[in-house]
Amino acid sequence: MTEIKPFYDSEITCPVCDKTIKVTKVRSKFVRLLKHDEDFCPHYETINPVLYEAWVCNFCGYAAHNSVYEHITTAGRKAVLEKITPNWTSREFTGERNYEKALEAFKLVLYNLQVREAPYSEFAKICLRIAWIYRYMGNQGEEERFLKYAYDYYKKVYTRENLKDSSMDEYTCMYMIGVLAKKLNLISEAKLWFSRLISFSIDPREKDKIKPFILENAREQIQLLKNVINDEEEKSE
């Protein structure tokens with residue numbers, strides 16, 4: 001009887017060069033979630049599917065998050081073929097990934113986003129995942145560096161992008177800005193964003209638009225911040 005492995009290769013068509021490529025996927029039955037951090041970073045008992053979310057074409061160098069891999073614009077496709085493919089050195093990303101290989105794949109995604117001049121929301125998502133991987137590795141310095149990038153991008157998402165047709169609503173975006181500010185020790189900034197989110201919930205027209213767990217998390221974060229502020233005030237007395 002053949003042993004079933006936690007991951008497997010699947011064939012897809014690269015939307016940039018139209019060649020058939022292989023990407024590695026994780027079988028859901030092997031995924032055992034232990035917990036989520038406050039910025040939604042997942043921790044798993046065994047196989048970590050986050051490491052496999054960055055897909056890379058070994059022929060042309062196109063790389064993107066698996067949730068949007070096939071959704072590249074004509075202009076984005078042209079940019080990849082003109083600015084990435086000519087200098088691309090083929091490399092393999094299938095099979096089991098360690099943290100270093102996952103980081104390489106995600107940083108290729110980040111480079112692709114820069115070349116394609118992608119929306120801020122895509123940058124925010126990828127920078128956050130890179131920060132998570134550094135967290136898994138215990139590299140606090142690099143984690144904080146990419147959390148700061150994600151924080152800056154989420155603020156740009158909130159102020160400059162139309163979220164009506166996005167997978168992220170404005171209230172989740174506000175929560176992410178608040179929680180990243182807290183993780184970066186920007187306490188007053190974090191309190192501002194959580195308070196703003198909670199104030200929207202007072203309006204009956206807005207409350208139903210806010211996901212209940214987002215509102216609950218924001219209230220918990222406000223209380224935690226109050227405790228931090230009170231502790232600091234006591235120390236300064």
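Structural remarks
- Each of (i) 7, 31, 33, 20, 8, 1, 0; (ii) 8, 32, 38, 18, 3, 0; (iii) 7, 27, 32, 22, 9, 2, 0, 0 is a candidate for P(r) over Cα pairs in 10 Å bins from 0, in percent; the one calculated from this structure is (iii).
- Entry comment: accessible area of the stretch 7-168 is 52 Å² per residue, from protein heavy atoms only and a probe of 1.4 Å.
- Highest average packing first - 23-33, 172-182, Cβ atoms within 10 Å: 172-182, 23-33
- Cα→Cβ-extended label distance, 7 Å offset, between residue 99 and residue 206, nm: 3.9 nm
- Qualifying trypsin sites (Lys or Arg not before Pro) in the stretch 55-125, where qualification requires a DSSP coil assignment and no more than 15 other C-beta atoms within 10 Å, comprise 91.
- Measuring nothing but how far apart in sequence close Cα pairs (under 8 Å, 6+ apart) lie, relative to its length, the chain scores a relative contact order of 12 percent.
- Counted charge near residue 93, where neighbours are those whose Cβ lies closer than 10 Å (Asp, Glu -1; Lys, Arg +1): +2
- Solitary cysteines of the chain, where the nearest other Cys Cβ is not under 4.7 Å: 41, 127, 173
- Shown for the chain are the DSSP H helices of 15 Å or more along their axis, judged by Cα atoms, with a mean Kyte-Doolittle hydropathy of at least 0.5: 187-201.
The values are calculated or read from the model by the stated rules, or taken from the named source; none is laboratory data. Just so we're clear, the structure is a prediction, and the values are computed from it rather than from any experiment. Backbone-built Cβ (ideal geometry, glycine too); neighbour counts: all protein chains shown. Accessible surface is based on the protein model in full, side chains and every heavy atom, while ligands, DNA and RNA are left aside. Shrake-Rupley method; radii C 1.70, N 1.55, O 1.52, S 1.80 Å.
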